[in-house]
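Trainee: If you scroll down you'll find the structure; I have some questions about it.
The values are calculated or read from the model by the stated rules, or taken from the named source; none is laboratory data. What you see is a predicted model, and the numbers here were worked out from it, not measured in a lab. We place every Cβ from the backbone using ideal geometry, glycine too, and count neighbours over all the protein chains shown.
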Amino acid sequence: MPGDEMPFGTLPAAAGTSFKHIHARDILEGRSPVAWFEVHPENYMVDGGEPHRLLGALRAAYPLSMHGVGLSLGGAGRPCPIHLDRLRALVQRYEPDSVSEHLAWSGHGGIFYNDLLPLPYDEASLRRVAANVQELQDALKRPVLVENPSRYLSFDASTIPEPCFLAELAQRTGCGLLLDINNVYVSANNIGFDPLAYLADFPLRYVEEIHLAGHAQDSCATDAETRPARGGSGGGGSAAALLVDAHDRPVADPVWRLFADVVARTGRLPSLIEWDNDLPGWPELAAEAARAERILWGEGRDAATR
Amino acid sequence: MQQPASPQGALAGLLLDPDAAIPDALFHAGDGGGAADLTRRVAVHRNTVVVSLVDALAATYPAVQSLTGARFFRAAAREFVRSSPPRGPVLAQYGGDFPAFLDAFPPASSLDYLPDVARLEWAWLRAYGAADVQPVAARILGGRDAADTAALCLRFHPAVALLRSHHPVVSLWAETTGRSERTGLDLRMPEAALVARPDLVVQVHRLRPSSATFLAALLAGRTLAMAAEAAMAEQDFDLPAELAELFDAGLVTGCHRAARDDTHNGAPS
C-alpha cells in the first residue's frame, strides 16, 4: 500500500489528465476538478514563447508530471546525450513532481520514428535498459518511472516475461514503474495472454502511477496510411483484430474493470487519463478523470461498470 | 543504409519502407498464437510512424494543406517523411526541409507559389517557439548625432524572419488560414513577409519592397546608412518613418556601432 511518503515523486494519489493547449484556458482560468497534469517534455523543448508561458502557469497551479517519449530507454544503444541534456534542463526549470519514460525505443541510427517500439526481453536487453535508466536517473539526480508498453509483436529472442523484466529493472536501478492498464489490455489482446494473469504477476509494489487511455481497433493496416476504425471501443472485435493504443477516445469498459481490480490491491495511486489525438472538449476529459477518481475512492466495480 | 546489428535495427529497417521483407527468425505474432499475421503487426508500427509524422507536418503547414487539399498534401507529406524522417524527438524542429522538397516535387510543379507559402509557415513555427527577448523602444537611438546614428547596426528579436517572394505569399497564407477574406489573387504579384513575435502572438506583416530591402540589409548586419541607401535606390524611402515602424513592431532588441574600418576592427572603442 502506498503510504504518505512517495519517494519517487509528489503527485497526489488522485486522477489527472494530459495537458493540451486547447484546454489551457479551461484549466488555468477555471477551478479544475482535476488534481494534476501530465505533459510530454518533448513538446516544450523550444526556446520560449507560448509553450513555456502555459507550462509555467500550469506548474504554478498544479502538480506536474513529465512523461517522455523520446529517450529510447529500450534502444540498442545509450540515450542521445543531446536529448538527455534538453530533458535535464526542462526538469531543472520546472521541477516536476514525477518524471517517467517507456520500456520502448523511438529512435535508431539517427532517425526518430515517433512511435514506441518493442525490444526483446532477454538478459542482454535487461542490462542495456538498466544502464540507460541508471544514466537517466544519474543525469536528473532523481528516480524515474518506467512504463509497460503496448505491444503488437513478440521477439523470438525474448526469454523473460514482461512483468518479470520490469520487476528486475526496478530492483536493479531503483526506478519505479508506471502501470498503463490500457497497454496491458491492448498487449494481452494482441500477443495473446490473459490480462488478469499478467496483472497477478505484475510487481505492484513498484507502481507509483497508473495510466488509462482509449484504444482503437486496427482496420487491417495494409494501405500506406490507415486510420484506426472509429466506433469499436475495443474488446468486442473478432479474434484476429489487433487493438491499437490510439489515445483518441474514452477508456474502454474492460480497462475500467481492470483498473478497479488493481486499485483494490494497491490503494489509491496517481492515475492519469491519457488523451493525445482527436481531443475532446475539456468537460468530457474532466468527466473521464472524475470516473477514475470515483474508482480510486473505492466505488470500485460500480463506477467501473457504470 | 545502416546495418541491422540489433533486433531494434532490424525492425527500424522495416518502418519507412512498406515493401521491405520481414526477416525470418526475428519476431513472431504472439505467445498465445494471435491470429493476425506478422505483416499486419508490422503494419501497425509502419502506420503509426508515417501517420503521426504526416499529422505533425499537417499541423505545421495548414495553409499548404488548404491550398493543395488534404489528399494531395498527405501523399506529398508521406513521401517527404520517407525520404527525410526526423533526426530527433523534438517535432517542433521537424519539417524545415519540406519547402525545398516541394520545390523539387514534380506533382506540385504547377503550384509554384506553394514552397514560399511553406517557407512562411516554417518561419511562423520558428517564431512561435523562439526565445523570449524584450524588444526595445526607439529612444535607444536618442542623443546621437546623425553621423552616429547612421553608423549603427540593429539587433533583432530571434523570432524575426523576412521572406521575399515572387508570389503573394502573405495574402495566400492569410486567406487560406481564414485570417482574411478570399479575393481573386494575382499569383504573379510579389510580396514580402515579415514574421515577428514581440510577445506571445506570432505576427505576419506584408512589407513594401523598399521596406523589405531595408530590413534585409539590417538583418544581414549592415548599418542604418547602408540599409537606407539600398532601399532608396529602389523607391522613395522615408528613413525616420521606416525606422519607427521597426521599433513599433517590436522587432529590435538592441543596437551597436559598426566597426569603423573593416581592416582595423579589432581595436576596442
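Trainee: Which residue, of B:Val81, B:Val133, is in contact (Cβ under 8 Å) with a residue 40 or more places away in the chain, under 28 Å from B:Ala244 (Cβ atoms) and within 14 Å of chain A (Cβ to nearest Cβ)?
Mentor: None of the others qualify; the one that does is B:Val133.
Trainee: Which is under 16 Å from the mean Cα position of the chain (by Cα), modelled with pLDDT of 95 or more and in a loop (DSSP other than H, G, I, E, B), of A:Leu178, A:Leu212, A:Leu269? Write out each step before concluding.
Mentor: Numbers: A:Leu178 fails: in a loop (DSSP other than H, G, I, E, B); A:Leu212 fails: in a loop (DSSP other than H, G, I, E, B).
Unique residue meeting the criteria: A:Leu269.
Trainee: Could I ask something else about it? Among what's in the stretch A:215-226 and is surrounded by fewer than 24 Cβ atoms within 10 Å (Cβ to Cβ), more than 7 Å from chain B (Cβ to nearest Cβ) and in a loop (DSSP other than H, G, I, E, B), pick the residue that is modelled with the highest pLDDT.
Mentor: A:Ser219
Trainee: For the stretch A:43-80, what are the residues that are farther than 20 Å from A:Ile273 by Cβ and hydrophobic (A, V, I, L, M, F, W, C)?
Mentor: Those that are farther than 20 Å from A:Ile273 by Cβ and hydrophobic (A, V, I, L, M, F, W, C): A:Met45, A:Val46, A:Ala57, A:Ala60, A:Leu71, A:Leu73, A:Ala76, A:Cys80.
Trainee: Next up: Among the residues of the stretch B:125-152, which ones are loosely packed, with under 15 Cβ neighbours inside 10 Å and part of a loop (DSSP other than H, G, I, E, B)? Steps first, please.
Mentor: Of all residues in the stretch B:125-152, those loosely packed, with under 15 Cβ neighbours inside 10 Å come to B:131, B:134, B:137-139, B:142-148.
If the condition is that a residue be loosely packed, with under 15 Cβ neighbours inside 10 Å and part of a loop (DSSP other than H, G, I, E, B), then B:Ala131, B:Gln134, B:Ala137, B:Gly142, B:Gly143, B:Arg144, B:Asp145 are the ones that fit.
Trainee: Still on this structure: So which residues in the stretch A:118-143 are of a type in the set (A, V, I, L, M) and within 17 Å of A:Arg88 (Cα to Cα)? Let's see the steps before the verdict.
Mentor: So in the stretch A:118-143, the residues of a type in the set (A, V, I, L, M) come out as A:119, A:124, A:126, A:129-131, A:133, A:136, A:139-140.
Scanning the stretch A:118-143 gives A:Val133, A:Leu136, A:Ala139, A:Leu140.
Trainee: Counting only residues that are over 30 Å from B:Ala174 (Cβ atoms), give me the helices (runs of 4 or more DSSP H) lying completely in the stretch B:6-124 with at least 3 of them. Give the derivation first.
Mentor: Values: elements: B:7-15, B:38-60, B:62-68, B:70-83, B:98-103.
Counting at least 3 such residues, we get B:7-15, B:38-60.
Trainee: Suppose we keep only residues that are charged (D, E, K, R), more than 15 Å from A:Trp105 (Cα to Cα) and not in a loop (DSSP other than H, G, I, E, B) within the stretch A:146-175. Which one would you say is farthest from the chain's Cα centre (by Cα)? Reasoning before the result, please.
Mentor: Here is the first cut: in the stretch A:146-175, the residues charged (D, E, K, R) are A:147, A:151, A:156, A:162, A:168, A:172.
Retained after the next criterion (residues that are more than 15 Å from A:Trp105 (Cα to Cα)): A:156, A:162, A:168, A:172.
Checking the rest, the ones that are also not in a loop (DSSP other than H, G, I, E, B) come to A:162, A:168, A:172.
On the way: A:Glu162: 16, A:Glu168: 19, A:Arg172: 21 Å.
So the residue we want is A:Arg172.
Trainee: Got a sec? Which helices (runs of 4 or more DSSP H) wholly within the stretch B:153-269 have at least 2 residues that are in contact with a Ser or Thr (Cβ under 6 Å, 6 or more places away or on another chain), free of Cβ contacts under 8 Å to residues at least 24 places away in the same chain and more than 15 Å from B:Pro135 (Cα to Cα)?
Mentor: Helices (runs of 4 or more DSSP H) meeting the threshold: B:224-232.
So that you can scan it fast, the table gives a plain yes or no per residue for (1) at pLDDT 95 or above; (2) surrounded by 18 or more Cβ atoms within 10 Å (Cβ to Cβ):
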residue	(1), (2)
B:Ser165	yes, yes
B:Arg182	no, no
B:Gly221	yes, no
B:Val252	yes, yes
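Trainee: So B:Val64 ticks every box in (1) farther than 22 Å from B:Ala123 by Cα; (2) touching a Ser or Thr at 6+ places or on another chain (Cβ under 9 Å) but one. Which box is left unticked?
Mentor: Here B:Val64 clears every test but (1).
Trainee: In the stretch B:134-154, how many residues are among the β-branched types (Val, Ile, Thr) and touching a helix residue (DSSP H, G or I) at 6+ places or on another chain (Cβ under 8 Å)? Please lay out each step first, then the result.
Mentor: Going residue by residue through the stretch B:134-154, those that are among the β-branched types (Val, Ile, Thr) are B:136, B:140, B:149.
From the residues that got through so far, the ones that are touching a helix residue (DSSP H, G or I) at 6+ places or on another chain (Cβ under 8 Å) too are B:136, B:149.
Total satisfying the criteria: 2.
Trainee: Restricting to the stretch A:121-132, and then to whatever is surrounded by 21 or more Cβ atoms within 10 Å (Cβ to Cβ) and under 27 Å from B:Pro85 (Cα atoms), can you tell me which residue is nearest to the other protein chains (Cβ to nearest Cβ)? First the steps, then the outcome.
Mentor: First, the residues of the stretch A:121-132 that are surrounded by 21 or more Cβ atoms within 10 Å (Cβ to Cβ): A:121, A:125, A:129, A:132.
After this cut, where a residue has to be under 27 Å from B:Pro85 (Cα atoms) as well, the list is A:125, A:129, A:132.
Working: A:Ser125: 8, A:Val129: 11, A:Asn132: 12 Å.
It comes out as A:Ser125.
Trainee: Quick check: is even one residue across the stretch A:102-110 among the hydroxyl-bearing types (Ser, Thr, Tyr) and closer than 24 Å to A:Ala24 by Cα? Walk me through it before giving the result.
Mentor: First, the residues of the stretch A:102-110 that are among the hydroxyl-bearing types (Ser, Thr, Tyr): A:106.
Going one step further and asking which of them are closer than 24 Å to A:Ala24 by Cα, we end up with none.
No, the stretch A:102-110 contains no residue that is among the hydroxyl-bearing types (Ser, Thr, Tyr) and closer than 24 Å to A:Ala24 by Cα.
This table checks each residue for (1) under 18 Å from the mean Cα position of the chain (by Cα); (2) facing another protein chain (nearest Cβ under 9 Å); (3) under 22 Å from B:Ser165 (Cβ atoms); (4) surrounded by 16 or more Cβ atoms within 10 Å (Cβ to Cβ).
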{"site": "B:Pro7", "(1), (2), (3), (4)": "no, yes, no, yes"}
{"site": "B:Leu57", "(1), (2), (3), (4)": "yes, no, yes, yes"}
{"site": "B:Thr68", "(1), (2), (3), (4)": "no, no, yes, yes"}
{"site": "B:Arg87", "(1), (2), (3), (4)": "yes, yes, no, no"}
{"site": "B:Leu102", "(1), (2), (3), (4)": "yes, no, yes, yes"}
{"site": "B:Ser109", "(1), (2), (3), (4)": "no, no, yes, no"}
